[in-house]
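Encoded as structure tokens, the structure appears first; notes follow it.
The values are calculated or read from the model by the stated rules, or taken from the named source; none is laboratory data. Keep in mind it's a predicted model, so treat the numbers as computed, not measured. Positions of Cβ are backbone-derived with ideal geometry, glycine not excepted, and every protein chain shown enters the neighbour counts. The protein model used for the area step is the full one, side chains on, heavy atoms only, and it has no ligands, DNA or RNA in it. Shrake-Rupley method; radii C 1.70, N 1.55, O 1.52, S 1.80 Å.
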Amino acid sequence: MMNHRLTALTLAAALGLTLTACGGGTASQPTAAQNSASGAQESTAPSDGAVASGVEDGVLTVGMECAYAPYNWTQMDDSNGAVPISNVPGSYANGYDVMIAQRICEANGWELEVVSTAWDSLTPSLQSGTIDVAIAGQSMTAERMAQVDMAGPYYYAQIVCVTTADSPYATATGIADLAGGRCTAQTGTIWYDTCLPQIPDAQIQTAAETAPAMIMQLQTGTVDFICTDLPTATAAAAKDENLVILNFSGTEGDFQFASEEERAENVNIGMSVVKGNTVLLDAMNEVLSGMTEEDFNTIMDQAIAVQPEV
């Protein structure tokens, strides 16, 4: 299920937010002006026995942590295209997930509503109808897709470790070089459950409830390194020059999976909808199919560039 700065953590605590967390292709997409909200309602109304799309009212209600930069974060104004968080008055959400959600809404003529949702509450919120879709940096794992349907991928995230520049692990060239280190990752993620146990004699600490908490444990010396995805690591390192990213991808020292298919499902990032919501699933996939990996990376770079300062 798929962190990152002291600012995000501070905002999350101050506002009582959630406790956890995981370009050119858009030019040909129809714009909001070409798709009226009423048209979207007509096209998404469920037939008898079908699962409601959730956008019959012309509003796409998106759940995300709002504390998982660069995928999503909380800020106190609407700068850089941020949108209001409907259940946290006076606060705004921004980040990669918001930027992608905006493109989906523009293409379908929907209004975007963001709801701050705890990581562990994303799927229950879908099933209860509180949100229409979770766009929150979630890996497209078989376990998750047994509970929900997923559109995407809308990003491809390599798995990396992060340490500090003065750490003896800063020169590691593979997971074997991390042997014996104190480490952690975010709770409920492939990083914590599958990756860290592969490190020889790893001293795995209690999982962090949020991505900012994970980063803070590293910055305060509670752990020697953390395991996360590349966007999360890049965003953290962009705001703290003392952080070093260890990317073993494509080497013999990388984390191992039973198959390339299993690796892909843990690297591919998708959007969750309630089982059987094919109308919304197809609408989102239609937008994503017109975008390339380069488009995704460009938008992610934009998100990292405007994330709040620590």
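Points worth noting:
- The range 82-139, residues that are farther than 30 Å from residue 193 by Cα, under 17 Å from the mean Cα position of the chain (by Cα) and not in a strand (DSSP E or B): 82, 102, 103, 104
- Matching entry among 147, 138 (being modelled with pLDDT of 95 or more, out of contact with any His (no Cβ under 8 Å at 6 or more places or on another chain) and either over 22 Å from residue 68 (Cα atoms) or not aliphatic (A, V, I, L, M) (or both)): 147
- Hits in the range 159-182 - residues which are out of contact with any Ser or Thr (no Cβ under 8 Å at 6 or more places or on another chain), over 16 Å from residue 255 (Cα atoms) and surrounded by 14 or more Cβ atoms within 10 Å (Cβ to Cβ): 163, 164, 167
- Complete set of residues in the range 140-158 that are open to solvent by less than 10 Å² (accessible area, probe 1.4 Å) and touching an Asp or Glu at 6+ places or on another chain (Cβ under 7 Å): 157
- Residue within the range 181-198 that is farther than 23 Å from residue 301 by Cα, touching an Asp or Glu at 6+ places or on another chain (Cβ under 8 Å) and in a strand (DSSP E or B) present: yes
- Residue match in the range 272-285 (condition: out of contact with any helix residue (DSSP H, G or I) (no Cβ under 7 Å at 6 or more places or on another chain) and modelled with pLDDT under 95): no
- Within the range 234-281, the only residue that satisfies the criterion of being touching a Lys or Arg at 6+ places or on another chain (Cβ under 6 Å) and either buried (at least 20 other Cβ atoms within 10 Å of the Cβ) or part of a loop (DSSP other than H, G, I, E, B) (or both) is 257.
- Sole exception among (1) more than 22 Å from residue 77 (Cβ to Cβ); (2) modelled with pLDDT of 95 or more; (3) among the acidic types (Asp, Glu) for residue 120, by number: (2)
- Residue in the range 249-260 that is modelled with pLDDT of 95 or more and under 30 Å from residue 306 (Cα atoms) present: no
- Number of the condition not met by residue 120 [criteria: (1) open to solvent by 20 Å² or more (accessible area, probe 1.4 Å); (2) more than 29 Å from residue 261 (Cα to Cα)]: (2)
- For the criterion of being surrounded by fewer than 21 Cβ atoms within 10 Å (Cβ to Cβ), closer than 17 Å to residue 304 by Cα and small (Gly, Ala, Ser), residue 90 fails.
Okay, residues lined up against (1) within 9 Å of residue 269 (Cβ to Cβ); (2) among the aliphatic types (A, V, I, L, M):
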| position | (1), (2) |
| --- | --- |
| 115 | no, yes |
| 119 | no, no |
| 124 | no, no |
| 127 | no, no |
| 137 | yes, no |
| 143 | no, no |
| 147 | no, no |
| 153 | yes, no |
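- Options 308, 231, 212; residue that is touching a helix residue (DSSP H, G or I) at 6+ places or on another chain (Cβ under 6 Å) and in a loop (DSSP other than H, G, I, E, B): 308
- Checked against the criteria, residue 215 does not count as among the aliphatic types (A, V, I, L, M), in contact with a strand residue (DSSP E or B) (Cβ under 6 Å, 6 or more places away or on another chain) and either within 27 Å of residue 120 (Cα to Cα) or open to solvent by 30 Å² or more (accessible area, probe 1.4 Å) (or both).
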